[in-house]
Structures are given as structure tokens and as C-alpha cells.
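Accompanying notes for the structure given below.
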């Protein structure tokens, strides 16, 4: 299967402190990958390096055939806008916008017509159980509803790659399971690549592959037996 994301010899230090140490990885479409490891192991930094949000990293990242280090800031932003979705631990929704408007934002920024965007947004609101709260702002909904909105926003444009940084870390177990199931389901529906940072072994076990970091290095890679047996 062709790789949609490839990292080669990624290294990064803050002063004299190494954060990433010569990490090389490949990721394919229709794959859900969990990045695990103790606090300070470099998980989030690796996620940001893979997405191009961390620009000071040494090495090379190729996404959809384009080397991120050769792109300008504007070119990288355009690539992310049209091909990448993000889910953050705190949802990171625009507080002035309603949930419906937050979900529509990536489509409108990409130049999709309001009618076409509206149709796609309503489809996701229905799927994710957000119809009744769609016209509320983020501070007027629960954490679980906000994170479901964040999942919808991440997949609304049917991106090739979705990155998620501890997307269930701030949720109780019930909402954790709901949001995780929705994220995995939605990314698989769009045949995308999902790369998620998590410290939760139960969460990681539901992914196709787990990459464990320690001290800025990849220390193991495992394919989930549970998931593999379902394929």
C-alpha cells in the first residue's frame, strides 16, 4: 500500500536537550496509528513534526508526495487546509462560533460553497448526535459534545490525513469511548490516515498499529492482534 506520509531521520533538540532522535516512519492510507510513550518522550513533538506545524525539525517529512521542508509557510498551510484534519485534547474550537459554524469553517476556508458546506455539516451533525446543540457556542456545551464537534471539524473536508493529540485525554470513560469510536469510524469512512498521540493503553489497543516512543526514540512498533483479526 502506498505511503501517504513518510518521515526520515527526524531530529530536534531544544538547547542541549534532544527531543526527537533520528526517527524514520512510514504511514499508509486506511491506517489508524497510535503514538504512545511516557510524558516527555516526544509524542506531541513528533505529531507536530509529521504535520509540518513544527518547522525547526531536522530530517525530512513527505506528505502526499510533497516534502514539507521545501514548502513555504503559506504553501504548508495550504496543504494542511486541503488535506489535513486536526483534533486537539481541548477541542480548540473557535469560541465565537457555534458548533455548526466551527464544523463548516474548513470547508468555507477552502472555498466550498455555503450550500455544499451546509449539506456536509448537517450530515455530520446527524451522525455525531449534535443536531440539538448545533447552534450553541462551545462554552454552552459539554466536553463530550465539544470533542465530537472537533472530530466533525477534522473530517468534514474528507482529508487524506487526520492528526489527533490526546483527543480523549480530558474526557470521562463514557465520552472517551464515544469520541474514540466516532473518530476511528469517521476517518475510516473517508479512507484516511489517522495518527493519534495517546497515553491510554486501552485507546491504543483499538488502533491498527502502535508506535512507542521513549527518550525521543522509537522503541517498538506493534500491530494490534485484535484489529488485525478483524481485517
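Condition check: more than 29 Å from residue 40 (Cβ to Cβ) and in a helix (DSSP H, G or I). Does residue 132 satisfy that?
no
Condition test on residue 182, is it farther than 20 Å from residue 80 by Cβ and within 17 Å of the chain's Cα centre (by Cα)?
Yes: the conditions hold for residue 182.
Taking segment 72-87 on its own, how many of its residues are at pLDDT 95 or above and in a loop (DSSP other than H, G, I, E, B)?
Total satisfying the criteria: 0.
In this structure, is residue 57 under 16 Å from the mean Cα position of the chain (by Cα) and either touching a residue at least 60 places away in the same chain (Cβ under 8 Å) or crowded, with 16+ Cβ neighbours inside 10 Å (or both)?
Spelling it out, it is not the case that residue 57 is under 16 Å from the mean Cα position of the chain (by Cα) and either touching a residue at least 60 places away in the same chain (Cβ under 8 Å) or crowded, with 16+ Cβ neighbours inside 10 Å (or both).
Kindly provide the set of residues from segment 161-197 that are more than 22 Å from residue 43 (Cβ to Cβ) and touching a strand residue (DSSP E or B) at 6+ places or on another chain (Cβ under 8 Å), ordered by number.
Passing the criteria: only 188.
Specify the residue that is surrounded by the most Cβ atoms within 10 Å (Cβ to Cβ); the eligible residues are those in segment 135-166 that are touching a residue at least 40 places away in the same chain (Cβ under 8 Å) and in a loop (DSSP other than H, G, I, E, B).
Restricting to residues being touching a residue at least 40 places away in the same chain (Cβ under 8 Å) and in a loop (DSSP other than H, G, I, E, B), the top hit is 156.
Given the conditions (1) on the phi < 0 side of the Ramachandran plot; (2) buried (at least 18 other Cβ atoms within 10 Å of the Cβ); (3) under 15 Å from the mean Cα position of the chain (by Cα); (4) outside any helix (DSSP H, G or I), which single one is not true for residue 90?
(2)
Only one of 118, 129 is more than 15 Å from the chain's Cα centre (by Cα), modelled with pLDDT of 95 or more and surrounded by fewer than 20 Cβ atoms within 10 Å (Cβ to Cβ); which?
118
Would you mind stating whether residue 169 is in a loop (DSSP other than H, G, I, E, B) and under 26 Å from residue 52 (Cβ atoms)? Can you show your working first?
Numbers: in a loop (DSSP other than H, G, I, E, B): yes; under 26 Å from residue 52 (Cβ atoms): yes.
Yes.
Could you tell me which of the residues 30, 16, 39 is within 16 Å of residue 165 (Cβ to Cβ) and surrounded by fewer than 17 Cβ atoms within 10 Å (Cβ to Cβ)?
Details: 30 fails: within 16 Å of residue 165 (Cβ to Cβ); 16 fails: within 16 Å of residue 165 (Cβ to Cβ).
Only one candidate passes the filter, namely 39.
Could you go through segment 103-116 and let me know if any residue there is in a helix (DSSP H, G or I) and closer than 20 Å to residue 8 by Cβ.
no
Tally the residues that are part of a strand (DSSP E or B), in contact with a helix residue (DSSP H, G or I) (Cβ under 7 Å, 6 or more places away or on another chain) and under 17 Å from residue 212 (Cβ atoms), restricting the search to segment 31-66.
4
The values are calculated or read from the model by the stated rules, or taken from the named source; none is laboratory data. Remember, predicted model here, so these are calculated numbers, not experimental data. Cβ sites come from the backbone with ideal geometry, for glycine too, and all protein chains shown count toward neighbours.
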